[in-house]
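Right, one structure below, let's go through it.
The values are calculated or read from the model by the stated rules, or taken from the named source; none is laboratory data. Predicted, not measured: the structure shown is a model, and the values here were computed from it. No Cβ is skipped: glycine too gets one built from the backbone with ideal geometry, and neighbour counts run over all protein chains shown. SASA here: full protein model, heavy atoms, side chains in, ligands and nucleic acids out. Shrake-Rupley method; radii C 1.70, N 1.55, O 1.52, S 1.80 Å.
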Amino acid sequence: MDDDNSDIVYGQRGALPVPRGASPGDLSIEPESGEQYMLRVRMEAASIPNVVVANNRHQFLLTSNPGKRPLVANNPVGHPLPPDSVAQPNAEWLSHFEQYFARQRHHFRTALSATNIPANPDIPGIGQIREWKSYCYEIRDGSCQMLATLAHIDQPMAMRLLKWMTTWLSKDQLRRVEAIWMWYLLLSLDSLLDHEDTHALRELCRTLLRIRSIIATNFTPARGEEVAALNILIAAVTRGYRQRDLE
């Protein structure tokens, strides 16, 4: 990992990975590359609070809310929260996120279409699951290589990666590299999914929900950023791809 990203964790300002030397380009027009897209999102994130803490000081959530309003509902004194409640975003945040995801998805897909793709990209073959696992975990997040990979693969391959990543996840932890890959893969998908693809996204969402629930049973502020990443990915499925019954 390069020096620009070595100290970045889930929900810090600037947590979206950006290659060294990237320029935002002309802000009056849509981004012309994946690098410009990520840098603009990073700039936008830097202008809003990164973490909101509720009155009981145990609820944390990344502020991806374009409305810049508090995201976590206060806990009335004397009314204990169920274990998973410390990790759940409120309805207002989810409503804002739905619009945010649609906008980010449009910009990201546009940017990918303008990304330069090597003639013979050095990536694993379609069915090489072990090789893909090593590739995804070893690649520098936010690098030109990651963007070129995302621009090169088609939707069936993107869905394969999401399915495989669902099985690669640990039962009680979400790694930063996993969160970044899944976020960009979810942004890259076409909105028209068949039954099999929808089922795969629902299985991914259920796995993320289980991880969040486990973390919530023994929640500490140190894991707030990890919960934020989980909430973003869960909402990408439930709101971005209209699977609200899983919330």
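Values as computed for the structure displayed
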{"read-out": "Loop-located trypsin sites (Lys or Arg not before Pro) in the stretch 94-184, at most 14 other Cβ atoms within 10 Å (DSSP)", "value": "Arg140, Lys171"}
{"read-out": "Whole-percent carbon and sulfur share, accessible surface of the stretch 137-229, 1.4 Å", "value": "49"}
{"read-out": "Environment charge of Ala200, counting only residues whose C-beta is closer than 13 Å and scoring Lys/Arg +1, Asp/Glu -1", "value": "0"}
{"read-out": "Per residue Cα convex hull volume in Å³ - calculated over the stretch 165-247", "value": "82"}
{"read-out": "Linear extension gain, Met157 paired with Arg109, 0.36 nm per residue minus alpha-carbon span", "value": "15.7 nm"}
{"read-out": "Candidates per trypsin sites (Lys or Arg not before Pro) in the stretch 187-238, loop by DSSP, up to 11 other Cβ within 10 Å", "value": "none"}
{"read-out": "In nm, spacing of pseudo-spin labels at Ile117 and Leu27 (7 Å Cα→C-beta vector)", "value": "3.2"}
{"read-out": "Probe 1.4 Å, accessible area per residue of the stretch 119-247, Å²", "value": "46"}
{"read-out": "Gained length - Asp190 relative to Arg244, 0.36 nm times residue gap less alpha-carbon distance", "value": "17.6 nm"}
{"read-out": "Contour minus Cα-Cα distance for Thr217 and Ile126 (0.36 nm per residue)", "value": "28.9 nm"}
{"read-out": "Kirkwood Rh, angstrom, the stretch 125-207 [1 / mean 1/r, Cα pairs]", "value": "13.2"}
